[in-house]
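Rule-based calculations on the coordinates, nothing more; no lab input. The model shown is predicted, which means the values in this text are computed figures rather than measured ones. Here the Cβ positions follow ideal geometry from the backbone for every residue, glycine too, while neighbour counts run over all protein chains shown.
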Amino acid sequence: MSKKKMMTFVWLILTAILAVWVSNSAVHLKNLLHMKEQKKMLIREREELITENKRLEAYVDEIRQYDYMKERIARLTLGLKRKDEIIFKFKNGVDK
């Protein structure tokens with residue numbers, strides 16, 4: 001094989017490798033742009049959820065201030081009852 005043919009062959013191989021590399025890079029670039037859009041969307045969603053969470057925490061704190069809710073919380077979480085009060089517990093809709 002002559003030197004000129006050998007150089008042409010090497011040049012073709014390098015060109016093919018470069019073409020494959022560029023096409024793969026384009027796919028990765030497309031994926032990168034898509035991931036950046038997803039990141040922005042997730043950051044927005046996170047901020048909205050943080051805001052909603054703060055609003056709900058404020059609402060829960062506000063509700064806990066009412067005497068009715070204080071009593072209800074004490075009854076449900078601590079099992080407290082009033083004097084001379086009888087508590088009935090039902091399981092699966094049947095009195096046990």
- So which pairs qualify, if the first residue must be in the stretch 17-36 and in contact (Cβ under 8 Å) with a residue 60 or more places away in the chain, the second must be surrounded by 10 or more Cβ atoms within 10 Å (Cβ to Cβ), the Cβ gap must be under 9 Å, and the two must be at least 6 apart or on different chains? none
- Inspect all residues belonging to the stretch 37-54 and state whether any of them is touching a helix residue (DSSP H, G or I) at 6+ places or on another chain (Cβ under 8 Å) and of a type in the set (Val, Ile, Thr). no
- Residues in the stretch 45-96 that are surrounded by 10 or more Cβ atoms within 10 Å (Cβ to Cβ) and either outside any helix (DSSP H, G or I) or small (Gly, Ala, Ser) (or both): how many? 5
- Item | Pairs, first under 23 Å from Thr77 (Cα atoms) in the stretch 37-65, second surrounded by 10 or more Cβ atoms within 10 Å (Cβ to Cβ), C-beta under 9 Å, six or more apart | Ile63/Met69; Arg64/Lys70; Arg64/Ile73
